[in-house]
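The values are calculated or read from the model by the stated rules, or taken from the named source; none is laboratory data. Treat the numbers as computed from the prediction; the structure is a model and nothing was measured. All Cβ positions, glycine included, derive from the backbone under ideal geometry; neighbour counts span all protein chains shown.
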Amino acid sequence: MSPTSETLFSSGTIVGAGQAGAALGHALLRAGIPVAAVASRTHSSAVRLATALQAQACSPVQAASSASLVFVTTPDDVLGAVVEEIAHAGGFRPGQFVLHCSGVLDLAVLAPAERSGARVGVLHPVTPLTPPDQADTLVGKPMGCEAGGEAGEENWVCVLARTLGGVPVSLAGVDRVLYHAAACMAANLVVAMCASAEDVFLAAGLDAAAAQALVGSLVTSSARNVTRKGPRASLTGPARRGDANVIAQHFAGLQQIDEELAHAYKAVTRRILSLLPEGDAGDAARERLGAVLDAPLDAF
Ligand SMILES: NC(=O)c1ccc[n+]([C@@H]2O[C@H](COP(=O)([O-])OP(=O)(O)OC[C@H]3O[C@@H](n4cnc5c(N)ncnc54)[C@H](OP(=O)(O)O)[C@@H]3O)[C@@H](O)[C@H]2O)c1
């Protein structure tokens with residue numbers, strides 16, 4: 001018989017009261033799993049989230065000892081040290097479930113918890129988490145899942161992902177660095193480009209409200225196209241058309257306001273050309289834009 005959330009998870013705790021910790025805490029409550037405690041680097045962060053989740057604010061060791069399900073949601077760079085510190089102080093015990101939510105780290109970082117007898121897992125919400133957090137932030141979202149010593153779709157991390165409203169995606173055998181880089185490209189890099197587009201609209205003379213509205217509308221349409229047709233079939237714009245003069249003007253204009261952005265624009269334009277299909281349209285665009293892309297930016 002496969003495990004159910006009722007038989008496995010009676011209470012949760014959050015160590016690291018940031019964006020992921022808040023989203024997971026609210027998701028636990030939504031799933032009917034009470035949050036016993038919240039810990040963080042600073043007491044004020046722990047108190048803020050604990051108050052929202054009707055939990056106690058305490059130290060990481062106390063928090064970890066207070067529940068069957070422990071989410072360590074600190075920044076990736078300190079996660080190993082935090083797990084080690086809790087294990088060293090006796091905060092983990094047999095029968096507990098200890099997880100992190102990092103896309104790039106694997107299970108090895110949880111080895112101290114495993115040595116204490118806990119079952120360890122990775123549950124990575126593949127979605128950007130930003131405050132304010134809502135109870136349904138994670139509902140319907142993919143969640144990368146890996147459970148120590150258990151393969152397949154019915155392991156306890158997959159059960160937990162479904163309990164929190166997510167859709168499990170197995171991370172067994174997946175190259176985590178490339179997986180995480182891809183996730184960052186589809187989320188963070190797109191958002192950074194949107195922020196830069198907003199700046200360029202402002203530099204063009206639009207007001208802030210118009211700039212935000214245009215960026216929002218454009219990225220919403222692009223996201224809808226990508227979801228429906230896939231990214232390659234959704235490429236539009238002057239590079240795809242092979243409008244070399246337009247691209248040259250963009251290079252010149254962008255350089256005037258932000259040289260680094262002009263370099264980024266050029267690099268992504270080169271990438272667009274390499275994504276266009278072999279054959280008539282793609283080859284023609286590559287030929288027409290070749291000279292513009294090969295010239296240094298200060299030639300424009
Ligand atoms: N944000 C996302 O979109 C997202 C999505 C998927 C997965 N994740 C993963 O979730 C994890 C957390 O990321 P995040 O974006 O939520 O980071 P974040 O917003 O910066 O939050 C991290 C929290 O950890 C706390 N912290 C830092 N050092 C600590 C320590 N030594 N002991 C205890 N708590 C400590 C910080 O506390 P103070 O507030 O007290 O300084 C902060 O509240 C990472 O593994 C990340 O890869 C994030």
- Selection from region 170-223 of residues touching a residue at least 12 places away in the same chain (Cβ under 8 Å), exposed (fewer than 15 other Cβ atoms within 10 Å of the Cβ) and either in contact with a Lys or Arg (Cβ under 7 Å, 6 or more places away or on another chain) or hydroxyl-bearing (Ser, Thr, Tyr) (or both) yields none
- Can you spot a residue in region 152-169 that is away from the ligand (no atom under 16 Å from the Cβ), part of a strand (DSSP E or B) and over 18 Å from the mean Cα position of the chain (by Cα)? no
- Item | Breaking point among (1) within 16 Å of the ligand (Cβ to nearest atom); (2) in contact with a Leu (Cβ under 7 Å, 6 or more places away or on another chain); (3) part of a helix (DSSP H, G or I), for residue 196 | (1)
- Lone qualifier among 39, 27 - being buried (at least 22 other Cβ atoms within 10 Å of the Cβ) and farther than 23 Å from residue 148 by Cα: 39
- Of 161, 183, 223, 233, which residue is farther than 25 Å from residue 255 by Cβ and modelled with pLDDT under 95? 233
- Note on the structure: Note: among 163, 137, 130, just one is loosely packed, with under 12 Cβ neighbours inside 10 Å, β-branched (Val, Ile, Thr) and in contact with a helix residue (DSSP H, G or I) (Cβ under 9 Å, 6 or more places away or on another chain), namely 130
